[in-house]
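Asks: Before I ask anything, let me first share the structure, which is written out below as structure tokens.
Just so you know, all these numbers are worked out from the coordinates, no wet-lab data involved. The shown structure was predicted, so the numbers you read here are calculated from the model rather than taken from an experiment. We place every Cβ from the backbone using ideal geometry, glycine too, and count neighbours over all the protein chains shown.
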């Protein structure tokens, strides 16, 4: 359904844009129909940048993104509008997604005016109410309220309902549950899973590994803009190969296991030009000069399991 | 006993009336205990933490006693608390790492802060350096601006700063929430390390993430809508909780190894009550699967076993 082909994004930074920061480097993966792919990485790893590029909120520096075989960079006017009918995003902070001076249901009205001007107001209201019920909200309680009168979970589900009003096929969910409480968190997750069974593909961007395990079939681990490991969720979690993935796995706070003795993660952000991005922090025994000189390619190790590390041979 | 809190009740004064955000809190904290305080947002965790150190309007003290190391804390008196703040009881507020003055170098900021408490920076410099070693930060950070440091580094500096005078009690409010998993782990482990080497006696670790508490805390206290629900050792809270809210909360947490397609977790239906004119009795009543008539009265927070406190009529009944 969606395919990223060696996508890179370089931001210009510094006072006059003289320096460059490579936020996403040569990332390729694809998302099939009815598949939930989680994009995992720490802050600054480029996961939101990828989400924004898919939503065409920012441009792609090099590489291509294809949606159902069509290059999304070439979309214009009506084509782009049609694209947004099928692809929508929901973002991290539900409170800042709304304009506080307007009632929250304005987001639905905008969709009506923009995309379905022919639908009568009455039919539209029925559609909105249906969509709200799908996401587990009671329309009588939540409609006609200002954003501050609704809770974070309600606002977040409002945004999902808004996306569902369009006939979407693909949802970019950027950290949508990190701001929610534990008890509402799982409801939103279950909602995503239900949507999946109704034929939706989801890119689930997160830094919480247990959430990603719960919901996704495939995981992509990003480190400073590079894919270091990707594959089926089970393989990533139980047979992790890349030293970074291994480090992540032991750091996740779990309820069934205590943290082991600290594997000291050296945090040094100086970049080896040309070398493996993880070189400075890597604690693997196999680390050698090759790692410092050239970046390891992403190679297939087993079925549905790719890793970018010189420690592993295909 | 390091900290004893009896019947602490704190409301927020608003134009529409009083918000009952902390009611009749009764608990003790042992020497060297790291107590995790967990609950949904708006349940009064931060109110409890703040009321122990800086009870400023719109917070309004209603009643209660607090004693630290056997000495009564005048929590209702902002002026008199000055003697205790930073020296005896210290706090790392939420988002503290983002509240550093961007125009001051870290060292300068620390020295200004110490000056305001009439303490000489030079005399303490050796302690500061020793603490920086403990959190594995180079001494150079004292000559750096906050913008040059990463989130984890800033959080560790705040930790060094708040524990500089070896307080009896440290209140850590959501200090790991904005960090990445790997940094989160190292910051959380620093807290344990600091406790072990006596930089502070006991800790109240406020968070909404129960799985972190399971890693570092000794005991966990669960709050719901301004009332204490349950306090016990972390093993008891995670593996054999008694309060219906704790049970539902723990079972709703996604764990590594649980997949939606294999086992569907459920949330807690309903929403917490508004604390402006809260319902009488147990506040979890409306969402509780076990609620019965007796729940119209507020259940007392009683010790049902050694170190296991519970506020529930149904689950507490066999022990009463």
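Asks: If you count, for each residue, the other Cβ atoms within 10 Å and average over each peptide, how do B:53-60, B:6-13 line up from highest to lowest? Before the final figure, lay out the partial values.
Replies: Numbers: B:53-60: 14.5, B:6-13: 18.0.
Ranked from most to least packed, the peptides come out as B:6-13, B:53-60.
Asks: Mind giving me the FRET efficiency for residue A:92 and residue B:123? R0 is 45 Å, r the Cβ-Cβ distance, nearest 0.05 is fine.
Replies: Values: r = 45 Å, r/R0 = 1.00.
It comes out at approximately 0.50.
Asks: In nm, to one decimal, how far is the residue A:30 label point from the residue A:234 one, both placed 7 Å along Cα→Cβ?
Replies: Distance between the two pseudo-spin positions: 2.3 nm.
Asks: Turning to a different aspect of this structure: Given Cα positions, please report Rg to Rh for the protein assembly as shown, the hydrodynamic radius being the Kirkwood one.
Replies: Details: Rg = 25.9 Å, Rh = 26.6 Å.
Dividing the radius of gyration by the Kirkwood radius yields 0.97.
Asks: Of all beta bridges DSSP finds with both residues in the protein assembly as shown, what is the antiparallel percent, to the nearest 5? Mind showing how you got there, number by number?
Replies: Details: 58 of 94 bridges.
Antiparallel bridges make up about 60 percent of those DSSP assigns within the protein assembly as shown.
Asks: In what order do A:158, B:84, A:115 fall by count of nearby beta-carbon atoms within 10 Å, going from fewest to most?
Replies: On the way: A:158 27, B:84 20, A:115 16.
Fewest-to-most ranking of A:158, B:84, A:115: A:115, B:84, A:158.
Asks: With viscosity set to 0.692 mPa s and temperature to 37 °C, compute the Stokes-Einstein D of chain B, Rh being the Kirkwood radius across alpha carbon pairs; µm²/s, no decimals.
Replies: Details: Rh = 20.7 Å.
D, rounded to a whole number, is 158 µm²/s.
Asks: Express in whole angstrom the spacing between the alpha-carbon centres of the stretch A:1-20 and the stretch B:245-268.
Replies: Answer, in whole Å: 38.
Asks: I'd like the antiparallel share, as a percent to the nearest 5, of DSSP beta bridges with both residues in chain B. Mind dumping the intermediate values first?
Replies: On the way: 30 of 48 bridges.
Taking every DSSP beta bridge with both residues in chain B, the antiparallel ones total about 60 percent.
Asks: On the principal axes of its Cα set, how long, how wide and how thick is the stretch B:163-279? Give whole Å, largest value first.
Replies: On the principal axes, the stretch B:163-279 reaches 46, 41, 27 Å in Cα extent.
Asks: I'd like the mean, over residues of B:208-218, of how many other protein chain beta carbons sit within 10 Å of each residue's own Cβ.
Replies: 4
Asks: So what's the gap between the Cα centers of the stretch B:138-184 and the stretch A:34-96, to the nearest angstrom?
Replies: 35
Asks: Let me see the P(r) profile for the stretch B:1-154: every Cα-Cα distance counted, bins of 5 Å, each bin given as a percent of all pairs.
Replies: Per 5 Å bin, starting at zero, the Cα-Cα P(r) for the stretch B:1-154 comes out as 2, 8, 14, 17, 17, 14, 14, 10, 4, 1, 0 percent.
Asks: Quote the FRET efficiency, to the nearest 0.05, computed for residue B:177 versus residue A:256 with a Förster distance R0 of 25 Å and r equal to the Cβ-Cβ distance. Intermediate results must be reported in sequence, preceding the final value.
Replies: Details: r = 22 Å, r/R0 = 0.88.
Rounded to the nearest 0.05, the efficiency is 0.70.
Asks: Between residue A:122 and residue A:80, what length comes free when the chain is fully extended (0.36 nm per residue of separation minus the Cα-Cα distance, one decimal in nm)? If you can, show how the numbers build up before the last one.
Replies: Values: separation 42, 0.36 × 42 = 15.12 nm, distance 2.78 nm.
Stretched fully, the residue A:122-residue A:80 segment lengthens by 12.3 nm.
Asks: Sticking with this structure for a sec: Antiparallel as a % of all DSSP beta bridges within the stretch A:2-307, to the nearest 5?
Replies: Close to 60 percent.
Asks: Provide the packing ranking of A:191-203, A:286-298, i.e. peptides ordered by the mean count of other C-beta atoms within 10 Å per residue, highest first. Walk me through the numbers before you get to the answer.
Replies: Numbers: A:191-203: 18.1, A:286-298: 14.5.
Order by mean packing, descending: A:191-203, A:286-298.
Asks: What translational D, rounded to a whole number of µm²/s, comes out for the stretch A:44-165 from Stokes-Einstein when the hydrodynamic radius is the Kirkwood one over Cα pairs, at 4 °C and 1.567 mPa s?
Replies: Values: Rh = 16.0 Å.
This corresponds to a translational diffusion coefficient of 81 µm²/s.
Asks: Would you calculate the separation in nanometres between label points at residue B:148 and residue B:67, each defined as 7 Å from the Cα along the Cα-to-beta-carbon direction?
Replies: For residue B:148 paired with residue B:67, the spin-label model returns 4.9 nm.
Asks: Other chains' Cβ within 10 Å of B:265-275 residues: what's the mean?
Replies: Working: counts 6, 4, 12, 6, 3, 1, 6, 3, 0, 0, 0.
Partner-chain Cβ atoms within 10 Å, mean over residues of B:265-275: 4.
Asks: Would you please put A:50-61, B:220-231 in order of how densely packed they are, using the mean number of other Cβ atoms within 10 angstrom per residue and starting with the highest? Mind showing how you got there, number by number?
Replies: On the way: A:50-61: 18.4, B:220-231: 25.7.
The most tightly packed comes first, giving B:220-231, A:50-61.
Asks: For an R0 of 51 angstrom, estimate the FRET efficiency from the Cβ-Cβ distance between residue A:140 and residue A:12 and round to the nearest 0.05.
Replies: Details: r = 50 Å, r/R0 = 0.97.
Efficiency, from the Cβ-Cβ distance: 0.55.
Asks: Would you mind calculating the relative contact order of chain A from Cα pairs under 8 angstrom and at least 6 residues apart, reporting the percent as a whole number?
Replies: Rounded, it is 19 percent for chain A.
Asks: Right, another one. Helix-only mean residue ellipticity at 222 nm, chain A, DSSP H runs n ≥ 4 weighted -39,500 (n - 2.57), per residue, nearest 500. What is it?
Replies: Working: 11 runs with 103 residues, N = 314.
So the helix-based figure for chain A works out to -9500 deg cm²/dmol.
Asks: Calculate the all-directions average of the projected area of chain A's alpha-carbon convex hull, and give it in nm².
Replies: Numbers: hull surface 73.9 nm².
One quarter of the hull surface, i.e. the mean projection, equals 18.5 nm².
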